[in-house]
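Here's the structure we're looking at; comments come further down.
The values are calculated or read from the model by the stated rules, or taken from the named source; none is laboratory data. What you see is a predicted model, and the numbers here were worked out from it, not measured in a lab. Note that we place each Cβ from the backbone using ideal geometry, even for glycine, and neighbour counts take in every protein chain shown.
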Amino acid sequence: MGRAAAKKIVEAGDIEIVAAYDLKPGGPVEGVKVQDIKELDGGLDGVDVAVDFTLPSACCENAKTISDAGVKLVVGTTGFDEGQMKKLKDMVEPVGAVISPNMSVGVNVFWQLVGEAAEKFKGYDIEVVEAHHRFKKDAPSGTALKAVERICEASGRDVRGDVVYGREGECPRREGEIGVHSIRAGDIVGEHTVIFSTLGERFEIRHQAHSRESFASGIPDAIRFIKARKGVYDMQDVLGLR
């Protein structure tokens, strides 16, 4: 994702990459040498916005260093628990950040459509199915969880009480239940499907990514958006979908 993000930023033409960091230094990436993340604290002079695609614990550490330096953030990291997300938002709110589990323009429109459909399909059974490559560390995906959040907001369901993650044994479907299912296999880039079904018909909304570059497609827009703002936003704000 770091390479995909760097590629999209360079292609934008109006944004310059001045530094890159990773646990394993090397590179270059888009002509910029990748430095050790331990050197981040001393490498933020002149930086307007930092982009983070790491892991939740690492992102929180990075965000403290970055926000303490007065640098804004675009965060595409996924897998945060509630405590980590609250900590992250509290740290970056005074400086400014865009936080989204998926920076893809298509996925953000997908979330919008899922919410609109959930408002219309009263009483329909809802299932969310996501598939990713065998190496993905978190499940369900952040994109799937955001879809569930949008469904619950639109239909009055409860994220804690009405969501079931997988099923096993005797488990008759409860009224208002949302089923969430994760597939991890091979080199699947990313697929998300929301099924609305009732007796006699089924309606599906699906997003399929063909390359990881799609997950980085909204990053230049997010950088431009947050450069002159403070507070915490997501890609729905950046793309004007609210």
> Looking at this structure, is ARG160 exposed (fewer than 12 other Cβ atoms within 10 Å of the Cβ), among the basic types (Lys, Arg), on the phi < 0 side of the Ramachandran plot and part of a loop (DSSP other than H, G, I, E, B)?
Replying inline: yes
>> Can you name every one of the strands (runs of 3 or more DSSP E) wholly within segment 1-115 that holds 2 or more residues which are out of contact with any Cys (no Cβ under 9 Å at 6 or more places or on another chain) and surrounded by fewer than 18 Cβ atoms within 10 Å (Cβ to Cβ)?
In response: 26-29, 32-36
>> Going through MET85, MET103 one at a time, which residue ends up being of a type outside the set (Phe, Trp, Tyr) and more than 21 Å from ILE9 (Cα to Cα)?
In response: MET85
> Of GLU127, GLU175, which residue is at pLDDT below 95 and of a type in the set (Asp, Glu)?
Replying inline: GLU175
